[in-house]
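Trainee: Take this structure, written in structure tokens, and hold onto it; I'll ask about it next.
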Amino acid sequence: FGISHDITRRVLAEQETVRLAEASAAASASLARVEAQLRAVLNGSADAIAQYAPDLTYRYINPAGERLRGKSLQELVGRTDREVGPAHESADSWEEALRCVLATGERGEHEFSIQHPDGSQGWFHTTLSPETGEDGAVIGVLTSTRDVSASKRAELALAHQAMHDPVTGLANRYLLMDRLEQALLRLDRMPGRVVLVFIDLDHFKAVDDS
């Protein structure tokens, strides 16, 4: 005597469970690879990349950001830029830029300068992007800050060369005309007079040529 049971559904269910488990393991492995790749990119990036919460506190910052702020990730997470200090002169405009992205959900850009401990001036350009949740609501801000000090110094040097005499370092005629134009424009707001003094140095061309 024998009794047979149809176990097709159970076998199919077991096979589906195994398939789902294998798919889940493959997805987890794929996700882990992507996370490792993203972390490698973040860690190797020369740009300071940070993640801000709606209350402007840090959620994350990469190694380049740690070097820029002079603080570790553990010291920054859960605190604002003002709290970790020192606050630079453009702190107000920086926080305004963060709040603007949080309020509008639109990408923004911000450029600022800070003074380093050694007294040198540094210029930085930041791209701010909204971070959204599953429902599309803005839940934070992602920032990418690049040091543009070298290009800014070159830009200032070119501007200085265009407006100053290369021999004496004094203002040239282009800067003179610019200052005269500004002085005349100020007369529209503050009536008065503009005095221009012309001084002629005899035989200065010989000095200049030498």
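Trainee: For the stretch 49-99, report the % of Cα-Cα distances exceeding 15 Å.
Mentor: Details: 522 of 1275 pairs.
In whole percent, the share of Cα-Cα pairs in the stretch 49-99 beyond 15 Å is 41.
Trainee: Also, I was wondering about something else. Accessible area of the chain with a 1.4 Å probe: how many percent of it is carbon plus sulfur?
Mentor: Here carbon and sulfur together make up 56 percent of the probe-accessible area.
Trainee: Ordered by residue, what ³J(HN,Hα) values in Hz, to whole numbers, does the stretch 31-36 give under the Karplus form 6.51 cos²θ - 1.76 cosθ + 1.60, where θ = phi - 60° and Gly and Pro are x?
Mentor: The phi angles translate into 5, 5, 5, 5, 4, 5 Hz.
Trainee: Over the Cα atoms of the stretch 120-160, compute the convex hull volume and normalise it per residue, giving Å³.
Mentor: Each residue corresponds to 74 Å³ of Cα convex hull volume.
Trainee: Give me the accessible area per residue for the stretch 115-210, probe 1.4 Å, as a whole number in Å².
Mentor: It amounts to 80 Å² per residue over the stretch 115-210.
Trainee: Additional query: Could you point to the residue in Gln121, Val18, Ala154 farthest towards the positive end of the chain's charge dipole, with +1 and -1 charges on the Cβ of Lys/Arg and Asp/Glu respectively?
Mentor: Val18
Trainee: Among all stretches of the chain without exposed GluC sites (Glu not before Pro) (DSSP loop, at most 14 other Cβ atoms within 10 Å), which one is longest?
Mentor: Details: sites that count: Glu89, Glu106, Glu134.
Counting only loop sites that pass the neighbour cut-off, the longest clear stretch is 1-88.
Trainee: So what J values fall out for the stretch 47-56 if you push phi through Karplus, 6.51 cos²θ - 1.76 cosθ + 1.60 with θ = phi - 60°, rounded to Hz, Gly and Pro as x?
Mentor: Ordered by residue, 3J(HN,Hα) equals 8, 7, 10, 9, 10, 10, 7, x, 8, 6 Hz.
Trainee: Something else about it: Evaluate 2.2 N^0.38 Å with N set to the residue count of the stretch 108-210, then give the Cα radius of gyration divided by it.
Mentor: 1.81
Trainee: Here's something else I'd like to know. Under a 1.4 angstrom probe, counting protein chains only, how are His5, His160 ranked by accessible area, largest first? Spell out each step's value before the answer.
Mentor: Values: His5 150, His160 95 Å².
Sorted descending by solvent-accessible area, the residues read His5, His160.
Trainee: Within the chain, what's the longest stretch lacking chymotrypsin sites (Phe, Trp or Tyr not before Pro) that sit in DSSP loops with no more than 13 other Cβ atoms inside 10 Å?
Mentor: Details: sites that count: Phe1, Phe198.
Here the longest run is 2-197.
Trainee: Let me ask another. Using a Gaussian network model of the chain with C-alpha springs under 10 Å, which one of Gly122, Gly70, Gly136 is most mobile by mean-square fluctuation?
Mentor: Gly136
Trainee: For Asp147, what accessible area in Å² do you get when you roll a 1.4 Å probe over the heavy atoms of the protein chains, rounding to the nearest 10?
Mentor: 90
Trainee: Run the Debye formula on the Cα coordinates of the stretch 1-125, all scatterers equal and no solvent, and tell me log10 I(q)/I(0) at q = 0.12, 0.14, 0.19, 0.22 1/Å.
Mentor: Result of the Debye calculation: -0.63, -0.76, -1.14, -1.36.
Trainee: Something else: Okay, helix-only estimate at 222 nm for the chain: each DSSP H run of n ≥ 4 adds -39500 (n - 2.57), divide by all residues, round to 500 deg cm²/dmol; what do you get?
Mentor: Numbers: 8 runs with 104 residues, N = 210.
Rounded to the nearest 500, the figure is -15500 deg cm²/dmol.
Trainee: Rg and Dmax of the chain, using alpha carbons, in Å: what are they?
Mentor: Here Rg and the maximum Cα pair distance are 31.0, 133 Å.
The values are calculated or read from the model by the stated rules, or taken from the named source; none is laboratory data. These figures come from a predicted structure and were not determined experimentally. Here Cβ is always computed from backbone atoms with ideal geometry, including for glycine, and neighbour counts include all displayed protein chains. Surface areas here come from the heavy atoms of the whole protein model, side chains and all, with no ligands, DNA or RNA. Shrake-Rupley method; radii C 1.70, N 1.55, O 1.52, S 1.80 Å.
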